[in-house]
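Trainee: Take this structure, written in structure tokens, and hold onto it; I'll ask about it next.
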Amino acid sequence: MFENLEFNSNNEKIICEMNGKHSDMLMDIKVKRFNKDETFSLFDENNETAFLILYGDVDISWNGETRNMQRENPFVKASYCLHVPKETQVTIKANAPTEILIQQTDNDILFSPVFYTPDMILYQHFGKDQWEGTGYRIVSTVFDPDNAPYSNMVLGEVYNQPGRWSSYPPHHHPQPEVYYYQFDKPQGFGAAFVGDNVYKSVQGSAVYITDGNDHQQVVAPGYEMCYIWMIRHLDNDPWYKTTRFVSEEHQWLTK
């Protein structure tokens, strides 16, 4: 499933909802756009929440602590993210026009909030020496089971280099996954493969990946593509880095 998304009258882009569209993703995900000096508060009784800045400048406050998040654009590989458990009041004040991606899912564990700074986020280079460099991409992981075993979510960003492939070799996993796309130029484009379907990925679009569907991405030459990748662990079946099942016909690519 694929969708081109637009901001609504509340300056929110609704990507998926646990009790609404794309409910099989088991997450509430939206992008909130802020005007300068705008404030926003969120308190959720049931859901853990991650706030990932895409661009802008905000002060974000929780539990008596305030930190600043700044980012020129999604392609600056130095992101900030606040991750809080349920029943945590979070307030955001925008110091400049800003967009923040907000990811949520249900979680009864009351973990300590974590404010991720660029030096805490894992950046890995994959595929540079494989397939003549055609699969080269940079993958950031904000949190996953390695550093947030208490979470029911995974959050990161992939920087798909111009003309190259990512999320490769074609693979699948049972846990639902969402990609939200950004391009370094607004006219940039790529292709998203989900099972037997191919979609044209464009600025601000999203793809929804379900169990059993191979998924891989490619971007047009001359354009860099960044997509935020978000996974919801299944009950008693969490996602791990090793939970990538490469289809039999593509196994040779892993050797």
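The values are calculated or read from the model by the stated rules, or taken from the named source; none is laboratory data. On a predicted model such as this, the values are computed, not experimentally measured, just so you know. For neighbour counting, all protein chains shown are included, and Cβ atoms are generated from backbone atoms with ideal geometry for every residue, glycine included. Calculation scope for accessible area: heavy atoms of the full protein, side chains included, ligands and nucleic acids excluded. Shrake-Rupley method; radii C 1.70, N 1.55, O 1.52, S 1.80 Å.
Trainee: Scan region 37-72 for residues that are among the polar types (S, T, N, Q), without any contact (Cβ under 8 Å) to a residue 60 or more places away in the chain and within 12 Å of Thr88 (Cβ to Cβ) and report the count.
Mentor: 4
Trainee: As an exercise: evaluate Phe111 against (1) closer than 17 Å to Ile228 by Cα; (2) touching a Pro at 6+ places or on another chain (Cβ under 7 Å); (3) of a type in the set (Phe, Trp, Tyr) and give the number of the one condition it does not meet.
Mentor: Going through (1) closer than 17 Å to Ile228 by Cα; (2) touching a Pro at 6+ places or on another chain (Cβ under 7 Å); (3) of a type in the set (Phe, Trp, Tyr) one by one, Phe111 breaks only (1).
Trainee: Can you name every residue in region 227-255 that is in contact with a Ser or Thr (Cβ under 9 Å, 6 or more places away or on another chain) and either in a helix (DSSP H, G or I) or farther than 24 Å from Phe51 by Cα (or both)?
Mentor: Once the filter is applied, which keeps residues that are in contact with a Ser or Thr (Cβ under 9 Å, 6 or more places away or on another chain) and either in a helix (DSSP H, G or I) or farther than 24 Å from Phe51 by Cα (or both), region 227-255 yields Asp237, Val246.
Trainee: For residues in region 17-29 being closer than 22 Å to Tyr181 by Cα and surrounded by fewer than 18 Cβ atoms within 10 Å (Cβ to Cβ), which is nearest to the chain's Cα centre (by Cα)?
Mentor: Selected residue: Glu17.
Trainee: If you go through region 188-212 one residue at a time, how many are surrounded by fewer than 19 Cβ atoms within 10 Å (Cβ to Cβ) and either without any contact (Cβ under 8 Å) to a residue 24 or more places away in the chain or over 15 Å from Leu5 (Cα atoms) (or both)?
Mentor: Number of matching residues: 10.
Trainee: So how many residues does region 6-32 have that are of a type in the set (D, E, K, R) and touching a Cys at 6+ places or on another chain (Cβ under 9 Å)?
Mentor: Total meeting the criteria: 3.
Trainee: Which ranges mark the strands (runs of 3 or more DSSP E) fully within region 172-226 that have 2 or more residues being under 24 Å from Gln104 (Cβ atoms) and of a type in the set (Ser, Thr, Tyr)?
Mentor: Once the strands (runs of 3 or more DSSP E) in region 172-226 are filtered for at least 2 residues that are under 24 Å from Gln104 (Cβ atoms) and of a type in the set (Ser, Thr, Tyr), what remains is 177-183, 205-209.
Trainee: Continuing with this model, one more query. Hey, among Tyr181, Tyr136, which residue is within 15 Å of Glu224 (Cα to Cα) and out of contact with any strand residue (DSSP E or B) (no Cβ under 6 Å at 6 or more places or on another chain)?
Mentor: Result: Tyr136 is the single residue among Tyr181, Tyr136 that is within 15 Å of Glu224 (Cα to Cα) and out of contact with any strand residue (DSSP E or B) (no Cβ under 6 Å at 6 or more places or on another chain).
Trainee: Hey, could you check region 93-119 for residues that are within 20 Å of the chain's Cα centre (by Cα) and of a type in the set (A, V, I, L, M) and say which is farthest from Asn152 (Cα to Cα)?
Mentor: Among those residues, the one meeting the criterion is Ile100.
Trainee: Which residue pairs have Cβ atoms closer than 8 Å, lie 6 or more positions apart in sequence or on different chains, and pair a first residue in region 237-255 that is in contact (Cβ under 8 Å) with a residue 60 or more places away in the chain and closer than 14 Å to Pro176 by Cα with a second residue that is in a strand (DSSP E or B) and of a type in the set (Val, Ile, Thr)?
Mentor: Trp239/Val154; Trp239/Ile231
Trainee: If you check every pair at least six apart or on different chains, which have Cβ atoms under 6 Å apart with a residue in region 1-29 that is closer than 17 Å to Thr49 by Cα first and a residue that is among the hydrophobic types (A, V, I, L, M, F, W, C) and open to solvent by 40 Å² or more (accessible area, probe 1.4 Å) second?
Mentor: What qualifies is Lys13/Phe7; Asp28/Met18.
Trainee: Could you list all residues from region 3-16 that are in a strand (DSSP E or B) and crowded, with 16+ Cβ neighbours inside 10 Å?
Mentor: Once the filter is applied, which keeps residues that are in a strand (DSSP E or B) and crowded, with 16+ Cβ neighbours inside 10 Å, region 3-16 yields Glu3, Lys13, Ile14, Ile15, Cys16.
For (1) in a loop (DSSP other than H, G, I, E, B); (2) touching a Leu at 6+ places or on another chain (Cβ under 9 Å); (3) crowded, with 19+ Cβ neighbours inside 10 Å, each residue gets a yes or a no:
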{"site": "Val31", "(1), (2), (3)": "no, yes, yes"}
{"site": "Asp37", "(1), (2), (3)": "yes, no, no"}
{"site": "Asp44", "(1), (2), (3)": "yes, no, no"}
{"site": "Ala50", "(1), (2), (3)": "no, yes, yes"}
{"site": "Ile53", "(1), (2), (3)": "no, yes, yes"}
{"site": "Gln70", "(1), (2), (3)": "no, no, no"}
{"site": "Leu82", "(1), (2), (3)": "no, yes, yes"}
{"site": "Glu87", "(1), (2), (3)": "yes, yes, no"}
